[in-house]
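J.: Have a look at the structure that comes next, please.
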Amino acid sequence: MSVAVTLMLIGSGCQDAAGPTTTPSQTVSVPVPAPAPSLTDGLLTPDGARPDNHPAPTSSVIRFEETAYKVGIDFVYDNGYSEKRLMPAATSGGCGWIDIDHDGWWDLYLVQGGDMQAVDWSSQPHDQLFRNRRGQQFQNATASTGVVDTGYGHGVTIADLDNDGFDDIYISTVGSDVLYRNLGDGTFQNSTRAAGMSNSKWAASAAWGDLDADGNLDLYVCNYVDYDPHNPIACIGEEGQPVTCHPRDVSDVPNVCFMNQGDLTFVEAADSRGLNGPGSKSLGVVIADFDRDSDADVYVANDTERNHLFVNGGDGNFTESGTARGCAMSGLGHHQASMGVAFGDYDRNESPDLYVTHFIDDSNTMYQNLGMAAFTDATRDTALHHPTLPHLAFGTVMADFDSNGWLDLFVSNGHIDDWRSQTGAPWKMTAQVFQYDGRQWHEASADAGDYFKSEWLGRGVASCDFDNDGDMDLAVLHQNDRLALLENESPQGHWLRIQFIGNVSNRNGIGVEVIVKQGELKLVQQMAGGTSYCSSHQMNLFFGLAQSPEPCELTIRWPSGHQQTFARLSLDQPYVLSEKHGLVEL
């Protein structure tokens with residue numbers, strides 16, 4: 001393994017080249033469940049004032065520059081659109097970040113569609129992998145890596161399934177999914193059959209997470225509906241023309257969950273683990289500890305059906321509790337056309353929230369976690385209802401794009417069908433970005449850059465600091481149009497970026513919870529599995545710390561129960577946290 005960055009293990013202290021001395025300390029604890037916040041913990045005190053942890057954010061402008069063509073990424077996702085109006089063409093398309101060679105510069109994997117009725121796939125467009133050359137240029141490395149998937153790709157998820165230090169690639173397809181195992185030399189091997197990961201249903205998003213707490217990553221796959229493009233059901237419009245089938249016209253199918261046996265093989269166990277629910281037409285998924293009881297739960301976004309929250313009983317078996325927990329339907333009790341899911345603690349009450357994207361004329365929904373996975377629909381209360389009504393949304397990311405200490409939202413939009421001549425509804429749509437001020441969300445798209453003035457058929461969105469400058473950039477996949485690489489040009493406050501190396505826990509650190517304290521400020525984040533839509537983010541956590549230059553304290557709770565504390569960390573630099581060795585400074 002070649003490493004192009006210098007790693008320096010920090011013991012009792014070392015001189016930071018950029019300034020003050022960092023003096024982390026490490027403690028080890030027995031497994032103790034994270035303390036659950038009170039149900040009364042929330043955004044405002046009874047008299048309407050902000051609590052101490054909710055100071056007014058520093059006003060700033062979020063800006064992105066579209067740079068894909070400039071850095072050598074020339075990619076168009078072909079959704080196979082035709083007069084037949086085959087259903088998968090409406091929703092497909094995802095992307096994922098992976099550092100295939102451990103050089104510290106994250107590479108980009110892009111799934112491809114094509115003619116989904118093709119018999120000979122050799123003439124169809126293939127998935128593409130672009131290698132990052134120090135943030136300045138991307139080189140198409142598909143052929144040299146051996147990743148030449150030829151099926152109709154819908155999405156991708158990326159993680160280290162065998163804890164060997166090299167991330168692997170799972171491609172969800174309209175057909176038979178594919179697992180590519182990273183051989184550690186820059187090449188990949190199709191290991192689908194050897195791993196026992198057979199899924200021939202139409203799959204959309206998928207997520208890795210350690211569901212049984214054995215230190216190995218399991219895979220939850222969202223299967224959408226029972227639809228075969230080679231033998232499609234006939235869906236006809238009012239004038240007798242073919243139309244894209246409505247999800248209500250197609251039967252639901254069960255999802256699958258592949259449990260990792262620790263020997264490069266998996267066993268499907270969704271039903272036996274309690275990980276399927278009624279009306280499962282699944283498109284989005286998040287694996288995280290929503291009730292903060294130190295085990296992984298699973299949230300599934302379903303199209304036109306109620307969403308599911310599978311709560312872990314602590315033994316790797318689950319109970320579906322979405323309705324009881326308040327995150328299955330809108331606050332008005334409506335089933336919605338749920339697609340993508342963003343994840344983060346937007347109100348800073350230490351419990352992770354969910355933002356779910358929906359169909360046109362039905363706003364996206366912000367599920368505020370009041371603590372212990374008790375959710376409420378906060379969409380209208382936080383001014384998010386009206387701005388999204390004219391849009392049909394897919395991929396979405398909740399992150400602090402300007403490092404002011406408050407999370408922002410990015411949403412990728414685009415209709416599933418061209419209804420302009422029939423209803424006048426827009427087809428391509430502009431993307432949106434929102435900022436939170438501690439009480440309400442404000443749309444900031446108008447000043448966010450030229451990209452937000454153009455219309456697209458937006459689908460998957462994946463976040464990554466591809467240029468290693470400390471802020472989060474975005475890859476946005478569009479149907480039948482060029483991929484966008486949005487380089488973050490926002491004015492930045494102070495920040496931390498953290499990568500994880502698990503030892504007893506899974507290597508990626510999925511399921512890690514990090515608490516950052518800086519004076520009165522306290523931020524809590526988890527490394528979740530899944531999120532967005534059919535896409536895979538860089539496996540890092542980003543913390544924005546606004547204008548204070550003061551060092552901060554980190555507390556890390558690993559999925560194994562191991563706990564570490566590091567004091568007086570310098571800001572504005574990336575760190576690696578090893579479960580075994582402690583803090584590593586890049």
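The values are calculated or read from the model by the stated rules, or taken from the named source; none is laboratory data. On a predicted model such as this, the values are computed, not experimentally measured, just so you know. Glycine gets a Cβ as well: all are built from the backbone with ideal geometry, and neighbour counts include every protein chain shown. Accessible surface is based on the protein model in full, side chains and every heavy atom, while ligands, DNA and RNA are left aside. Shrake-Rupley method; radii C 1.70, N 1.55, O 1.52, S 1.80 Å.
J.: Checking the conditions here, which among 571, 554 is out of contact with any Lys or Arg (no Cβ under 7 Å at 6 or more places or on another chain), assigned to a strand (DSSP E or B) and in contact (Cβ under 8 Å) with a residue 24 or more places away in the chain?
T.: Values: 571 fails: assigned to a strand (DSSP E or B).
Unique residue meeting the criteria: 554.
J.: Could you run through the range 307-342 and say how many residues are in contact with a helix residue (DSSP H, G or I) (Cβ under 6 Å, 6 or more places away or on another chain) and within 17 Å of residue 362 (Cβ to Cβ)? Give the steps one after another, and end with the answer.
T.: Of all residues in the range 307-342, those in contact with a helix residue (DSSP H, G or I) (Cβ under 6 Å, 6 or more places away or on another chain) come to 307-309, 328.
Subsequent filtering for residues that are within 17 Å of residue 362 (Cβ to Cβ) retains 307, 328.
The number of residues fulfilling the criteria is 2.
J.: I want to confirm something. Restricting to the range 306-333 and keeping residues that are buried (at least 20 other Cβ atoms within 10 Å of the Cβ) and part of a helix (DSSP H, G or I), which single residue is nearest to the chain's Cα centre (by Cα)?
T.: Once the filter is applied, the top-ranked residue is 322.
J.: I need the full set of residues from the range 125-168 which are in contact with a Ser or Thr (Cβ under 7 Å, 6 or more places away or on another chain), within 26 Å of residue 487 (Cα to Cα) and open to solvent by 10 Å² or more (accessible area, probe 1.4 Å), in order please.
T.: Answer for the range 125-168, where residues must be in contact with a Ser or Thr (Cβ under 7 Å, 6 or more places away or on another chain), within 26 Å of residue 487 (Cα to Cα) and open to solvent by 10 Å² or more (accessible area, probe 1.4 Å): 126, 128.
J.: Moving on. Could you list, in sequence order, the residues of the range 399-424 that are open to solvent by 10 Å² or more (accessible area, probe 1.4 Å) and polar (S, T, N, Q)?
T.: 404, 421, 422, 423
J.: Can you give me the number of residues within the range 190-200 that are more than 29 Å from residue 247 (Cα to Cα) and in a loop (DSSP other than H, G, I, E, B)?
T.: Going through the range 190-200 one residue at a time, the tally reaches 2.
J.: What is the number of the single condition among (1) closer than 23 Å to residue 295 by Cα; (2) within 21 Å of the chain's Cα centre (by Cα) that residue 535 does not meet?
T.: It is condition (1) that residue 535 fails.
Yes/no matrix, rows are residues, columns are (1) polar (S, T, N, Q); (2) under 23 Å from the mean Cα position of the chain (by Cα); (3) open to solvent by 10 Å² or more (accessible area, probe 1.4 Å):
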| site | (1), (2), (3) |
| --- | --- |
| 170 | no, yes, no |
| 196 | no, no, yes |
| 212 | no, yes, yes |
| 222 | no, yes, no |
| 229 | no, no, no |
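J.: From 124, 136, 117, 128, which residue is over 16 Å from the mean Cα position of the chain (by Cα) and within 22 Å of residue 397 (Cβ to Cβ)?
T.: Details: 124 fails: within 22 Å of residue 397 (Cβ to Cβ); 136 fails: within 22 Å of residue 397 (Cβ to Cβ); 117 fails: within 22 Å of residue 397 (Cβ to Cβ).
So the residue among 124, 136, 117, 128 that is over 16 Å from the mean Cα position of the chain (by Cα) and within 22 Å of residue 397 (Cβ to Cβ) is 128.
J.: Would you confirm, using the coordinates I've provided, whether residue 358 is surrounded by fewer than 18 Cβ atoms within 10 Å (Cβ to Cβ) and closer than 20 Å to residue 90 by Cβ? Outline the logic, then answer.
T.: Working: surrounded by fewer than 18 Cβ atoms within 10 Å (Cβ to Cβ): no; closer than 20 Å to residue 90 by Cβ: yes.
In short, no.
J.: Looking for something surrounded by fewer than 23 Cβ atoms within 10 Å (Cβ to Cβ), among the charged types (D, E, K, R) and either free of Cβ contacts under 8 Å to residues at least 60 places away in the same chain or closer than 28 Å to residue 227 by Cβ (or both) - is there at least one such residue anywhere in the range 116-124? Talk me through it step by step, then tell me what you get.
T.: Applying the first criterion (surrounded by fewer than 23 Cβ atoms within 10 Å (Cβ to Cβ)) to the range 116-124 yields 117-124.
With the extra rule that they be among the charged types (D, E, K, R), the set shrinks to 120.
With the extra rule that they be either free of Cβ contacts under 8 Å to residues at least 60 places away in the same chain or closer than 28 Å to residue 227 by Cβ (or both), the set shrinks to 120.
Yes, because at least one residue in the range 116-124 is surrounded by fewer than 23 Cβ atoms within 10 Å (Cβ to Cβ), among the charged types (D, E, K, R) and either free of Cβ contacts under 8 Å to residues at least 60 places away in the same chain or closer than 28 Å to residue 227 by Cβ (or both).
J.: Moving on to the next point. Within the group 271, 291, 295, which residue is assigned to a loop (DSSP other than H, G, I, E, B) and open to solvent by 40 Å² or more (accessible area, probe 1.4 Å)? So that I can check it myself, show each step before the final result.
T.: Details: 291 fails: open to solvent by 40 Å² or more (accessible area, probe 1.4 Å); 295 fails: open to solvent by 40 Å² or more (accessible area, probe 1.4 Å).
It is 271.
J.: Filter the range 516-545 for residues that are open to solvent by less than 10 Å² (accessible area, probe 1.4 Å) and β-branched (Val, Ile, Thr) and give the result.
T.: Of everything in the range 516-545, just one residue is open to solvent by less than 10 Å² (accessible area, probe 1.4 Å) and β-branched (Val, Ile, Thr), namely 516.
J.: How many residues does the range 486-495 contain that are open to solvent by less than 30 Å² (accessible area, probe 1.4 Å) and part of a loop (DSSP other than H, G, I, E, B)? First the steps, then the outcome.
T.: Initially, the range 486-495 is screened for residues open to solvent by less than 30 Å² (accessible area, probe 1.4 Å), giving 486, 488, 490, 493.
With part of a loop (DSSP other than H, G, I, E, B) added as a condition, the list becomes 490, 493.
Selection size over the range 486-495: 2.
J.: Quick one: which of 515, 510, 498 is under 21 Å from residue 292 (Cα atoms), assigned to a loop (DSSP other than H, G, I, E, B), touching a strand residue (DSSP E or B) at 6+ places or on another chain (Cβ under 7 Å) and of a type in the set (Val, Ile, Thr)?
T.: Values: 515 fails: assigned to a loop (DSSP other than H, G, I, E, B); 498 fails: assigned to a loop (DSSP other than H, G, I, E, B).
Every option except 510 fails the conditions.
J.: Shifting gears a bit: Mind listing whichever residues of the range 172-189 are in a strand (DSSP E or B) and loosely packed, with under 15 Cβ neighbours inside 10 Å? Full working, then the answer.
T.: The first filter runs over the range 172-189 and keeps only residues in a strand (DSSP E or B), leaving 172-174, 178-182, 188-189.
The answer is 189, and nothing else.
J.: Check residue 314 against each of (1) over 29 Å from residue 248 (Cβ atoms); (2) touching a residue at least 24 places away in the same chain (Cβ under 8 Å) and name the one condition it does not meet.
T.: Single failed check for residue 314: (2).
J.: Still on this structure, please answer the following. Check 431, 374 and return the single one that is touching a Gly at 6+ places or on another chain (Cβ under 7 Å), open to solvent by less than 10 Å² (accessible area, probe 1.4 Å) and more than 24 Å from residue 543 (Cβ to Cβ). First the steps, then the outcome.
T.: Working: 374 fails: open to solvent by less than 10 Å² (accessible area, probe 1.4 Å).
So the residue among 431, 374 that is touching a Gly at 6+ places or on another chain (Cβ under 7 Å), open to solvent by less than 10 Å² (accessible area, probe 1.4 Å) and more than 24 Å from residue 543 (Cβ to Cβ) is 431.
J.: Counting only residues that are without any contact (Cβ under 8 Å) to a residue 40 or more places away in the chain and either charged (D, E, K, R) or over 15 Å from residue 111 (Cα atoms) (or both), how many does the range 175-189 have?
T.: So the answer is 2.
J.: Follow-up question, since we're still on this one. Quick one: is residue 511 on the phi > 0 side of the Ramachandran plot, at pLDDT below 95 and open to solvent by 10 Å² or more (accessible area, probe 1.4 Å)? Steps first, please.
T.: Values: on the phi > 0 side of the Ramachandran plot: yes; at pLDDT below 95: no; open to solvent by 10 Å² or more (accessible area, probe 1.4 Å): yes.
No; evaluated as a whole, the condition is false for this residue.
J.: Now for a different question. Quick one: in the range 574-584, of everything that is surrounded by 19 or more Cβ atoms within 10 Å (Cβ to Cβ) and either assigned to a loop (DSSP other than H, G, I, E, B) or among the hydrophobic types (A, V, I, L, M, F, W, C) (or both), which residue is modelled with the lowest pLDDT?
T.: Step by step, filter the range 574-584, then rank; the result is 583.
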